[in-house]
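So the structure is just underneath, and the comments pick up after that.
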Amino acid sequence: MSDRLEIVPLARPPSAAVEVPGSKSITNRALVLAALCGRDQPCEVTNCLRSEDTEVMLAALGALEFNLEVDWEAARVRVGSRCLHKRIPAMHADLFAGNSGTTMRFLTAMVCLGHGRYRLDGVPRMRERPIGDLLEALRQLGVRAISEGAKDCPPVRIETDGMPGGRVRIKANISSQFLSGLLLAAPFAHGDIEIQVEDTLVSRPYVEMTLRMMDDWGLTVLREWQESRFLIPAPQSPYGGIRYRVEPDASAASYFFAAAAITGGRVTVLGIPENSLQGDVRFVDLLADMGCRVERCSSGITVHGRPLRGIDVDMNDISDTVMTLAAVACFAEGPTTIRNVAHIRHKETDRLAALAAELRKVGAEVEELADGLTITPRPLHGAEIETYNDHRMAMSMALIGLRVPGVVIKDPGCVAKTYPGFFADLEKLRD
């Protein structure tokens with residue numbers, strides 16, 4: 001892909017139905033579960049997302065000596081183990097996580113089930129993303145978990161002889177992935193584990209996703225949400241030979257729902273189930289609050305664009321859609337305030353600072369808050385948009401170009417992290 005991509009405004013409001021690829025969040029959880037549960041009988045994951053994040057996960061599982069059969073044409077991966085007496089076949093491995101938070105956090109906890117020494121590293125930005133709270137929790141469980149980087153960031157070194165049971169306190173106010181990673185590994189510990197979450201849990205729907213998927217794979221977790229406590233009996237014997245289908249990605253769908261809102265068109269995203277695992281499905285409720293009409297049915301979700309009004313919203317639970325809503329806010333009547341998302345400063349980039357800078361370039365008035373943004377619409381104009389190697393910046397800011405001429409996305413190829421075909425799918429709105 002070229003290093004610059006100009007987005008041409010739509011000639012008319014779209015009336016379209018689109019399909020988005022499988023969920024990245026579900027795919028990487030499913031691959032971990034398949035590896036841990038496929039010791040006796042290989043497990044199969046279908047509708048797998050092929051992206052940078054999922055490919056680094058698969059490469060890491062291969063380095064850990066799991067058996068992998070990958071058929072990208074069929075979007076299918078089979079995972080098994082060469083070693084029936086160990087959860088982690090390899091005793092030593094150097095793992096590369098790229099800039100994939102799920103890969104780094106989930107595998108840091110997962111390799112603690114092994115017997116040996118493991119090192120995990122990533123791109124320069126990953127070396128700036130905190131992981132200390134997870135490492136501290138693992139140390140409480142008797143694992144030698146060390147940050148080789150500055151400020152409790154990767155690279156990470158794990159020295160382990162299996163994960164003992166016990167009680168552990170963990171902070172999850174920076175990333176829910178710390179808790180999800182520990183939950184995924186806990187059923188395979190030597191003894192029962194009790195997890196107590198301290199402080200605020202961000203992005204709770206992603207933890208709920210983890211728990212519902214563990215249920216599907218026959219793993220028991222006793223939840224005490226009121227006390228922020230989880231009890232995991234261990235060791236457990238999960239279902240083997242599972243065939244698990246990944247849902248379409250609700251975060252990816254948000255861009256097409258937003259396109260309908262921004263252009264006054266009608267867009268249906270096919271295949272998202274009414275009882276979706278993904279909290280980001282609730283993004284359409286925010287669009288309804290802004291004035292859109294939303295229809296849900298067994299075949300998918302449809303958004304009808306209507307005149308938009310600004311809203312004041314806490315997006316802690318669906319923070320991956322903050323950038324999408326920010327693009328929509330530029331076309332509303334009155335200001336929109338997004339609150340309680342300070343943790344997205346620790347994502348692929350500082351998303352609050354980056355959003356403020358790039359929205360100002362196209363003419364919006366933006367006040368950057370400690371934990372969010374206030375966006376006040378102003379007449380918009382074209383500009384070259386820095387993407388900071390952040391896939392969500394590229395996809396969200398491209399939406400503004402559907403109505404505003406002259407919007408140029410720099411490094412559009414960064415969308416390969418989670419949605420390599422995004423710009424081709426965006427073009428389908430012109431059909």
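Regarding region 161-171, can at least one residue be identified that is in contact with a His (Cβ under 7 Å, 6 or more places away or on another chain) and aliphatic (A, V, I, L, M)?
Step one: of region 161-171, the residues in contact with a His (Cβ under 7 Å, 6 or more places away or on another chain) are 161-165.
From the residues that got through so far, the ones that are aliphatic (A, V, I, L, M) too are 163.
The answer is yes; a qualifying residue exists.
If I ask for residues that are under 27 Å from I174 (Cα atoms) and part of a loop (DSSP other than H, G, I, E, B), which ones from region 192-233 would you list?
Scanning region 192-233 gives D192, D199, T200, L201, V202, S203, L219, T220, V221, S228, P233.
Which residue is surrounded by the fewest Cβ atoms within 10 Å (Cβ to Cβ), if the candidates are limited to region 192-232 and must be touching a residue at least 60 places away in the same chain (Cβ under 8 Å) and among the aromatic types (F, W, Y)?
W217
Of the residues that sit in region 39-72 and are assigned to a loop (DSSP other than H, G, I, E, B) and buried (at least 24 other Cβ atoms within 10 Å of the Cβ), which one is farthest from the chain's Cα centre (by Cα)? Before the answer, list the steps.
Within region 39-72, the first condition is being assigned to a loop (DSSP other than H, G, I, E, B), and the residues that meet it are 39-42, 47-51, 64-65, 72.
If we keep only those that are buried (at least 24 other Cβ atoms within 10 Å of the Cβ) too, we end up with 48-49, 51.
Working: C48: 14, L49: 12, S51: 12 Å.
Once the filter is applied, the top-ranked residue is C48.
Looking at region 307-421, what helices (runs of 4 or more DSSP H) fall wholly within it and have at least 2 residues that are more than 23 Å from F178 (Cβ to Cβ) and in contact with a Cys (Cβ under 7 Å, 6 or more places away or on another chain)?
On the way: elements: 322-329, 351-361, 391-400.
Per the criteria, 391-400.
With surrounded by fewer than 20 Cβ atoms within 10 Å (Cβ to Cβ), over 30 Å from G116 (Cβ atoms) and in contact with a helix residue (DSSP H, G or I) (Cβ under 6 Å, 6 or more places away or on another chain) as the only criterion, which of A75, A16, A11 stands out? Outline the logic, then answer.
Values: A75 fails: in contact with a helix residue (DSSP H, G or I) (Cβ under 6 Å, 6 or more places away or on another chain); A11 fails: in contact with a helix residue (DSSP H, G or I) (Cβ under 6 Å, 6 or more places away or on another chain).
None of the other options fit; the residue is A16.
Taking the condition small (G, A, S), in the same structural domain as M395 (by TED's automatic domain parsing) and in contact with an Asp or Glu (Cβ under 6 Å, 6 or more places away or on another chain), does A326 pass? Give the derivation first.
Details: small (G, A, S): yes; in the same structural domain as M395 (by TED's automatic domain parsing): yes; in contact with an Asp or Glu (Cβ under 6 Å, 6 or more places away or on another chain): no.
Criteria not met by A326.
When you check D320 against the structure, is it more than 27 Å from L429 (Cβ to Cβ) and either touching a residue at least 24 places away in the same chain (Cβ under 8 Å) or in the same structural domain as I131 (by TED's automatic domain parsing) (or both), yes or no? If you could, list the steps in order and put the result at the bottom.
On the way: more than 27 Å from L429 (Cβ to Cβ): no; either touching a residue at least 24 places away in the same chain (Cβ under 8 Å) or in the same structural domain as I131 (by TED's automatic domain parsing) (or both): yes.
So D320 does not fit the description; no.
Just wondering, is there one or more residues in region 85-104 that are free of Cβ contacts under 8 Å to residues at least 24 places away in the same chain and in a loop (DSSP other than H, G, I, E, B)?
Of region 85-104, the ones free of Cβ contacts under 8 Å to residues at least 24 places away in the same chain are 85.
Next, from what is left, pick out any that are in a loop (DSSP other than H, G, I, E, B): 85.
There is at least one residue in region 85-104 that is free of Cβ contacts under 8 Å to residues at least 24 places away in the same chain and in a loop (DSSP other than H, G, I, E, B).
Considering only residues that are touching a Gly at 6+ places or on another chain (Cβ under 6 Å), modelled with pLDDT of 95 or more and assigned to a loop (DSSP other than H, G, I, E, B), which ones fall in region 235-248?
Just the residues of region 235-248 that are touching a Gly at 6+ places or on another chain (Cβ under 6 Å), to begin with: 238-239, 246, 248.
With the extra rule that they be modelled with pLDDT of 95 or more, the set shrinks to 246, 248.
Once the filter is applied, which keeps residues that are touching a Gly at 6+ places or on another chain (Cβ under 6 Å), modelled with pLDDT of 95 or more and assigned to a loop (DSSP other than H, G, I, E, B), region 235-248 yields only V246.
Mind counting the residues in region 406-431 that are touching an Asp or Glu at 6+ places or on another chain (Cβ under 9 Å) and hydrophobic (A, V, I, L, M, F, W, C)?
Filtering region 406-431 for residues touching an Asp or Glu at 6+ places or on another chain (Cβ under 9 Å) gives 406-414, 416-420, 425.
Next, from what is left, pick out any that are hydrophobic (A, V, I, L, M, F, W, C): 407-409, 414, 416.
Matching residues across region 406-431 total 5.
The values are calculated or read from the model by the stated rules, or taken from the named source; none is laboratory data. Quick caveat: nothing in here was measured; it's all calculated off a predicted structure. Backbone-built Cβ (ideal geometry, glycine too); neighbour counts: all protein chains shown.
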